[in-house]
Amino acid sequence: MIINGTINDDGIVGTASNDTILSGNGNDTVDGGTGDDYIGGESGNDSILGGAGNDALFGGSGNIQTNSGNDTIRGGEGNDFIN
């Protein structure tokens, strides 16, 4: 399933299937749920939890490297790719 956030601060929970979640702008909280998920934090200060499954997690423009914003990314169970 494809799930898109908004320009607001969103709370997004994925499904039991494999999801593509793009949080949008804002300071978002994303939980991928079960399944193998792709989660893109996009801009804002986001908290990302992959959940069970093999997930690909991306912090977006406020990511965990050197860009602005504070992100929290947790992989959960399974083999996860975090960037």
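Just checking: which of the strands (runs of 3 or more DSSP E) contained wholly in the chain hold 3 or more residues that are surrounded by fewer than 22 Cβ atoms within 10 Å (Cβ to Cβ) and at pLDDT below 90?
Result: 72-74.
Only residues in region 50-74 that are more than 15 Å from Asn27 (Cα to Cα) and of a type in the set (Lys, Arg) count as the first member; pair them with residues that are modelled with pLDDT under 60 and assigned to a loop (DSSP other than H, G, I, E, B), Cβ under 8 angstrom, at least 6 apart or cross-chain, and list the lot.
Listed by first residue and then by second, the contacts come to nothing, as the list is empty.
List every residue pair whose Cβ atoms lie under 7 Å apart, where the two residues are 6 or more positions apart in sequence or sit on different chains, the first residue falls within region 5-23 and is over 18 Å from Gly44 (Cβ atoms), and the second residue, located anywhere, is among the polar types (S, T, N, Q) and assigned to a loop (DSSP other than H, G, I, E, B).
Ala16/Thr34
The values are calculated or read from the model by the stated rules, or taken from the named source; none is laboratory data. All values derive from a computational prediction rather than experimental measurement. Because the Cβ atoms are built from the backbone with ideal geometry, glycine has one as well, and the counts that use them run over all protein chains shown.
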